[in-house]
Amino acid sequence: MAVLNERDTAMRAGAALTATGRVAVLFPGQGSQSAGMGRGLLAAYPEGRALLDAWSAAVNVDLHALLTGPTLDAHPLRVHLAVVSLGMLGWRWLIDSGQLQPAACRALILSGHSLGEITALACAGALSAGDALRLAHERGRLIAEACSEAPGAMRAVVGLPVQEVMALLEGGSAGGLTSRTGDAPPRVWPANFNGPKQLVLAGAGDALDALEPLLRAQGANVLPLATAGAFHTPLMNRAAAALARFAGGLDFRPPEWSVLSSMHARLIGAPAGLPAHLGLQMVSPVRWLAVMQGLCRAGVDTAVELGPPGEVLLRLASTLEDWSPQVWSLSGLAANALATSAVASAGH
């Protein structure tokens, strides 16, 4: 999960996407969702309704209703399906409309934050849209089950360098709540390294409550996240093992474009290793800061986020002082396409 940074990022409203350099396409994960998040895209891309109807059959869920309805509940299964289907639909629109032409790019890298890695793999051709949705459905179901069996919580720690937060966790002043002090098992883990000064912690709710005053005393802002579980921690072990078994029955292929994993900030390897990778990803911290640093080192000059309005990943990109790509959002591109169409219609 990602939390918006206070510093705003221009989303290039009113401009047209011109991606010919080193391009990164980013896919957010759970926590980015909002009710009606697919309406703007479907208005710009009415052909997408047929795709959604076809994809709905794969999971027996009305994806159009999920993306356009007045409400979207927080159940992980429905959130997973909504976020993944929106990202895949946005990708298809950019390709079909010619706004993104992979062959014209000097480099094209796809990366997804947590759940968004499934979307990135699907868009890179590593698995079919139907299999991606079946995988998202199962992941969401397993997470909901894990949250019921082992409830947990998550807190975003903002404003304190991640190194200082980790030093607090590992240096003993956290009162034995973490893994490197005392004989007790850990009860708090780092879950998302989102930016230079944003780290999401996850674990037992009472342990996080006890840790919060220590973090605030160091100058951090601590924000509770609306989750029922401790994602990307060992509390998801059973779910992770089950997901790896499920993924073993899917048809993975070599990706057509580079996919940078948010688990270790390295390129995804051979498809045979993907089932185990996707299971391990559920219990490993999201290293999004390392992903952004890797994109910076790769000379990426254009970043496109294919997700709900809010652009959480582009806003996180703005926290990296030495990386300033041109940024584009799906909602901004859809709004621009509609405005351009309206102007053209008025001229006839």
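Couple of notes before you dig in:
- Members of region 91-107 that are assigned to a helix (DSSP H, G or I) and out of contact with any strand residue (DSSP E or B) (no Cβ under 9 Å at 6 or more places or on another chain): Arg92, Trp93, Ile95, Asp96, Ala103, Ala104
- Candidates Leu127, Leu89 - the one that is touching a Phe, Trp or Tyr at 6+ places or on another chain (Cβ under 9 Å), in the same structural domain as Leu289 (by TED's automatic domain parsing) and within 19 Å of Phe252 (Cα to Cα): Leu127
- Of all residues making up region 108-134, the number that are buried (at least 24 other Cβ atoms within 10 Å of the Cβ), in contact (Cβ under 8 Å) with a residue 40 or more places away in the chain, assigned to a helix (DSSP H, G or I) and not polar (S, T, N, Q): 8
- Failed criterion for Val327 (all others in (1) more than 16 Å from the chain's Cα centre (by Cα); (2) modelled with pLDDT of 95 or more hold): (2)
- Residues in region 2-29 that are at pLDDT 90 or above and assigned to a loop (DSSP other than H, G, I, E, B): 2 in all.
- Beta carbons closer than 9 Å, at least 6 apart along the sequence or on distinct chains, pair a first residue in region 200-213 that is closer than 9 Å to Trp189 by Cα with a second that is of a type in the set (D, E, K, R) and not in a strand (DSSP E or B) for Gly203/Arg187.
- Residue list for region 224-236, restricted to those being closer than 14 Å to Arg139 by Cβ and not hydrophobic (A, V, I, L, M, F, W, C): Gly229, His232
- Among residues of region 262-317, those that are among the basic types (Lys, Arg) and farther than 14 Å from Ser111 by Cβ, counted: 1
- Qualifying positions in region 73-91 - closer than 21 Å to Ile143 by Cβ, surrounded by 21 or more Cβ atoms within 10 Å (Cβ to Cβ) and not small (Gly, Ala, Ser): Pro76, Val79, His80, Leu81, Val83, Val84, Leu86, Met88
- Every residue from region 296-336 that is of a type in the set (A, V, I, L, M), out of contact with any Leu (no Cβ under 9 Å at 6 or more places or on another chain) and not in a loop (DSSP other than H, G, I, E, B): Ala335
- Remark: pairs (first residue in region 299-326, assigned by TED's automatic domain parsing to the domain that holds Asn194 and farther than 15 Å from Gln30 by Cα; second residue among the charged types (D, E, K, R) and buried (at least 17 other Cβ atoms within 10 Å of the Cβ); Cβ separation under 6 Å; 6+ apart in sequence or on different chains) are absent.
- Members of region 51-87 that are more than 19 Å from the chain's Cα centre (by Cα) and charged (D, E, K, R): Asp53, Asp62
- Selection from region 21-35 of residues that are farther than 19 Å from Thr119 by Cβ and out of contact with any Lys or Arg (no Cβ under 7 Å at 6 or more places or on another chain): Ala35
- Residues in region 98-122 that are in contact with a Pro (Cβ under 9 Å, 6 or more places away or on another chain) and over 25 Å from Gly195 (Cα atoms): none.
The values are calculated or read from the model by the stated rules, or taken from the named source; none is laboratory data. Here the structure is a predicted model, which is why all the values come from computation and not from measurement. When we count neighbours, we look across all protein chains shown, and the Cβ atoms used for this are built from the backbone with ideal geometry, even at glycine.
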